[in-house]
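**Student:** This is the structure I have questions about; it appears just below.
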Amino acid sequence: MENKIKKTLTHAYKRSYYPEHWKMDLEDAINLVRQGQYYKLPVIRKSDIRDHWDELIEYGDFTDIVSSSGTTGRPVDMPVHRLQEQVWIDSISRVLTELGAESGDRMLQLLSNNDMFTLGPLVWQASKKVGVGTFRCSPQRLSRVNSVIKYHKPNFVVGNPMVMLEMVETLGDDFPAKEDLPDYAYFGACSSFDANNQPTPVARKVMDLWGIKDALNEYGCSEVGSIGHECLSHTGFHINSDFVHVELIDTETGLPVPEGQPGEVVVTTLTQPRGFIAVRYATGDIAAWLDSKPCSCGRHGLRMGAIIGRVDHQLKIKGQTLFPDLVLGVTDKAPEVTDAVLVRYQDHLKAEQVELWLESTQDHQAVLDKVEAELISHVAVCPHIRMLGQGAIKGIKEQHMAKSNGVKIPRLIDIEDPNEYV
């Protein structure tokens with residue numbers, strides 16, 4: 001690993017941004033690695049890529065462009081080099097083979113292949129490498145999805161569990177019978193297990209409604225590609241340590257966190273060539289833990305826990321710091337709640353306010369009281385709750401998605417004024 005990091009530093013130093021960013025010469029940077037002090041090299045963030053794109057990125061022999069959302073100003077569009085793409089495809093192939101896919105199998109692919117989205121095209125190419133026949137369907141074309149399931153009987157499905165749940169709710173009685181549905185799922189673009197390696201309420205519900213026997217998730221980002229994936233023992237993400245080096249850091253001090261503690265995911269890429277060479281790229285994602293103990297599946301190497309939030313999604317609710325999933329995990333388990341979203345805005349004094357908006361077909365006050373009690377029991381605090389009419393939250397989410405790449409269903413939305421919506 002040490003030699004791979006040194007090679008990455010050597011390549012990165014040729015890009016004009018890194019010498020200025022590190023404020024040291026190459027040999028000093030390499031010495032930090034030798035001395036076990038790699039964490040002293042400054043991290044790089046998405047805003048750095050946006051603001052210094054020309055000094056960091058090389059088109060080279062690029063064969064694709066992927067876009068990373070979440071910035072203002074210049075979009076972070078990343079060229080993917082020809083050989084780099086093969087590394088990414090190999091990483092995704094591991095998920096499919098882990099799930100049991102092999103030549104001759106059929107797969108329903110519900111992730112976007114458009115708008116410079118990363119995972120959808122990679123899954124398609126990885127399925128070709130494995131030999132799996134893929135039916136690429138937009139989840140919005142429900143009649144087309146039903147037709148594929150009815151006539152082709154795919155035994156694998158790849159999709160965002162939030163979207164897959166919405167498909168069931170939209171189709172109602174027209175949703176296919178369980179015996180016709182795929183047996184195995186590859187969940188993407190959404191968390192599907194928690195810090196204790198247990199399926200999230202949404203993942204459990206999707207597996208039940210779709211009749212899924214087993215499901216795996218994968219973690220990665222547009223800037224560096226796939227970082228790790230679950231095994232069938234479901235003990236966190238196995239890091240693709242031949243392709244990336246992963247650290248977790250304290251968001252306040254920037255120092256490595258003790259093993260087993262949550263921290264921000266920082267990634268260094270270990271293969272060349274790459275359009276973007278990541279040297280301590282801070283993703284903004286908060287992972288639950290890192291663990292170096294052998295997995296029960298027999299593998300050795302680093303594993304990482306679930307993504308429990310984002311640095312920019314940390315919420316202050318009555319003085320306590322929380323992540324959205326901790327709040328929405330409670331509402332997801334409440335059958336009385338038909339939809340939920342957290343909203344964040346600044347009041348007239350420029351103070352951050354967080355509210356939980358809910359929908360229910362049952363008595364609103366009773367639902368509100370129950371959710372409030374559950375939140376206080378599980379996370380000790382409860383934001384202000386508003387009950388909205390049926391369909392209102394879906395409209396708010398769709399409005400927000402129209403401003404993004406439309407892949408991930410938002411669960412925390414920043415707004416200007418709540419009175420514009422309620």
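**Student:** Pull up the stretch 102-135, narrow it to residues that are of a type in the set (S, T, Y) and within 18 Å of the chain's Cα centre (by Cα), then point me to the one that is surrounded by the fewest Cβ atoms within 10 Å (Cβ to Cβ).
**Tutor:** Going through the stretch 102-135, the residues of a type in the set (S, T, Y) turn out to be 103, 112, 118, 127, 134.
Applying the additional criterion that residues be within 18 Å of the chain's Cα centre (by Cα) yields 112, 118.
On the way: S112: 21, T118: 26.
Out of the qualifying residues, it is S112.
**Student:** Residues T271, T251, T283: which one is among the polar types (S, T, N, Q), in contact (Cβ under 8 Å) with a residue 40 or more places away in the chain, touching a Cys at 6+ places or on another chain (Cβ under 7 Å) and under 18 Å from I44 (Cβ atoms)? Before the answer, list the steps.
**Tutor:** Working: T271 fails: touching a Cys at 6+ places or on another chain (Cβ under 7 Å); T251 fails: touching a Cys at 6+ places or on another chain (Cβ under 7 Å).
Sole residue among the options that is among the polar types (S, T, N, Q), in contact (Cβ under 8 Å) with a residue 40 or more places away in the chain, touching a Cys at 6+ places or on another chain (Cβ under 7 Å) and under 18 Å from I44 (Cβ atoms): T283.
**Student:** Shifting gears a bit: For the stretch 70-119, what are the residues that are within 24 Å of H313 (Cβ to Cβ) and free of Cβ contacts under 8 Å to residues at least 40 places away in the same chain? Walk me through it before giving the result.
**Tutor:** Pass one, the stretch 70-119, residues within 24 Å of H313 (Cβ to Cβ): 70-78, 111-112, 115-119.
If the condition is that a residue be within 24 Å of H313 (Cβ to Cβ) and free of Cβ contacts under 8 Å to residues at least 40 places away in the same chain, then T71, T72, G73, R74, P75, D77 are the ones that fit.
**Student:** Out of curiosity, is E359 within 25 Å of S192 (Cβ to Cβ) and over 26 Å from the mean Cα position of the chain (by Cα)?
**Tutor:** Numbers: within 25 Å of S192 (Cβ to Cβ): yes; over 26 Å from the mean Cα position of the chain (by Cα): no.
The answer is no for E359.
**Student:** May I pose another question? Does at least one position in the stretch 199-220 carry a residue that is surrounded by 22 or more Cβ atoms within 10 Å (Cβ to Cβ), touching a Gly at 6+ places or on another chain (Cβ under 7 Å), modelled with pLDDT of 95 or more and farther than 30 Å from V145 by Cα?
**Tutor:** No, the conditions are met nowhere in the stretch 199-220.
**Student:** Looking for whichever is farther than 30 Å from I277 by Cα, in the same structural domain as W210 (by TED's automatic domain parsing) and among the charged types (D, E, K, R) here; the options are K153, K128. Which one fits?
**Tutor:** Values: K128 fails: farther than 30 Å from I277 by Cα.
Within the list K153, K128, the selection yields K153.
**Student:** Condition test on W357, is it at pLDDT 95 or above and either of a type in the set (K, R) or in the same structural domain as T235 (by TED's automatic domain parsing) (or both)? Full working, then the answer.
**Tutor:** Details: at pLDDT 95 or above: yes; either of a type in the set (K, R) or in the same structural domain as T235 (by TED's automatic domain parsing) (or both): no.
So W357 does not fit the description; no.
**Student:** Just to be sure I understand, how many residues within the stretch 333-345 are touching a residue at least 40 places away in the same chain (Cβ under 8 Å) and either assigned to a strand (DSSP E or B) or in contact with a strand residue (DSSP E or B) (Cβ under 6 Å, 6 or more places away or on another chain) (or both)? I'd like the intermediate steps shown before the answer.
**Tutor:** To start, the set of residues in the stretch 333-345 that are touching a residue at least 40 places away in the same chain (Cβ under 8 Å) comprises 333-334, 338-345.
Right, trim to either assigned to a strand (DSSP E or B) or in contact with a strand residue (DSSP E or B) (Cβ under 6 Å, 6 or more places away or on another chain) (or both) and you get 338-345.
Going through the stretch 333-345 one residue at a time, the tally reaches 8.
**Student:** Let me ask something else. Working only within the stretch 1-55, note down all residues that are more than 26 Å from the chain's Cα centre (by Cα), assigned by TED's automatic domain parsing to the domain that holds L270 and touching a residue at least 40 places away in the same chain (Cβ under 8 Å).
**Tutor:** E55
**Student:** Is it true that K4 is basic (K, R) and closer than 23 Å to S241 by Cα?
**Tutor:** yes
The values are calculated or read from the model by the stated rules, or taken from the named source; none is laboratory data. These numbers were taken from a predicted model, which means no experiment stands behind them. No Cβ is skipped: glycine too gets one built from the backbone with ideal geometry, and neighbour counts run over all protein chains shown.
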